[in-house]
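The values are calculated or read from the model by the stated rules, or taken from the named source; none is laboratory data. Keep in mind that this is a model prediction, so the values were computed, not measured. Ideal geometry is used to build each Cβ from the backbone, glycine not excepted, and the neighbour counts take in all protein chains shown.
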Amino acid sequence: MVQIVFPPVSKILLDNYSLCITMYDMKTSIISIRLDEDLDKLLTDISRESGRSRSEIAREALRRQLSVSQFETLRKRSMPFAEARGYLTDEDIFNEVS
């Protein structure tokens, strides 16, 4: 006998009485954020233009911002070592590796 198991389903009743069904699995989590009107409109417009979901665009933006934050943290930790070796600016490092 073959048993088919579907991931959990979340059902949300919307204001206009349509049913929104969201399928998810245990490998994801949900975060809620508040957007001002301008950011909401920009996100919606870009979503329509690109054909990607608002969630997909938000995930990509979050990934990029977290990568920038990680880079800045690593840079701050490594700066004393770089300065001790005479690397005081980005240009110093660029000239060394070019």
Restricting to segment 57-97, what's the tally of residues that are within 19 Å of residue 31 (Cβ to Cβ) and in contact with a helix residue (DSSP H, G or I) (Cβ under 8 Å, 6 or more places away or on another chain)?
-> 2
Going by the structure shown, is residue 22 at pLDDT below 95, β-branched (Val, Ile, Thr) and surrounded by 10 or more Cβ atoms within 10 Å (Cβ to Cβ)?
-> yes
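Enumerate the helices (runs of 4 or more DSSP H) found wholly within segment 29-98, keeping only those where 3 or more residues are within 19 Å of the chain's Cα centre (by Cα) and free of Cβ contacts under 8 Å to residues at least 24 places away in the same chain.
Working: elements: 37-50, 54-84, 90-97.
Filter on segment 29-98 gives 37-50, 54-84.
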